[in-house]
Ligand SMILES: [Zn+2]
């Protein structure tokens, strides 16, 4: 059951931040981004300039997955990881970082654009993509679902409780 304990990236992950911040006692920063023009990165670079050594890796999506893993694995202890990317690329980088041994506290993730959310239907046991709604219909079985407060790391979605809508 060990795999279920690994952190899973979701819109409520503790690694997600609005802006990058320095972490005390960290000797190095590794910044991974999918855009050389990323604002969060630019701001942070000028903030840490001269103070903390950093390495910047610009990742060209899925094509650079192996290279990104290498860069992540090369780091010494005491490295803080900063990821600035779209949700799509964060879904590639975050699990790689976890795989090579970073904890959620050692990762800050600034998402560029929208974050993805899923609901896990308790009627047909499938995942549907959702936005910020409180109630949705399952994409698979069309059951009306209330979006629960609990995120299941095993199912990779918020638990959706079926209900019968009241006819108006
Ligand atoms: Zn369903």
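Points worth noting:
- Normalised size of the range 59-140, defined as Cα radius of gyration per 2.2 N^0.38 Å with N residues, equals 1.35.
- Tensor-based shape of the range 3-66 (alpha-carbon gyration tensor, a/c under 1.5 rounded, otherwise prolate or oblate): oblate
- Amide N of the range 79-122 lying under 16 Å from the label point, which is placed 7 angstrom from the Cα of residue 39 along Cα→Cβ: 84-87, 110-115
- In this simple spin-label approximation, residue 47 and residue 164 carry label points 7 Å from Cα along the Cα→Cβ vector, and these lie 5.3 nm apart.
- With Cα atoms defining each centre, the range 89-128 and the range 136-166 are spaced 18 Å apart in the structure.
- Potential lengthening of the chain between residue 152 and residue 6 amounts to 51.3 nm, from the contour at 0.36 nm per residue minus the alpha-carbon distance.
- Projected-area average for the chain over all orientations - Cα convex hull basis, square nanometres: 11.8 nm²
- Rounded if a/c under 1.5, otherwise prolate or oblate - the range 117-168, Cα gyration tensor axes: prolate
- With the helix formula -39500 (n - 2.57) applied to DSSP H stretches of n ≥ 4, the chain reaches a computed 222 nm mean residue ellipticity of -6000 deg cm²/dmol.
- 0 to 90° range, to nearest 10: angle between helix 65-74 axis and the chain longest Cα axis: 50 degrees
- Cα→Cβ-extended label distance, 7 Å offset, between residue 70 and residue 55, nm: 1.1 nm
- Efficiency of FRET from Cβ geometry, residue 86 and residue 28, R₀ 22 Å, rounded to 0.05: 0.30
- Relative to the longest principal axis of the Cα atoms of the chain, helix 39-48 runs at roughly 40 degrees.
Bear in mind these aren't lab numbers, they're just calculated from the coordinates by the rules spelled out. The model shown is predicted, which means the values in this text are computed figures rather than measured ones. In this analysis, Cβ positions are derived from the backbone assuming ideal geometry, glycine residues included, and neighbour counts consider all displayed protein chains.
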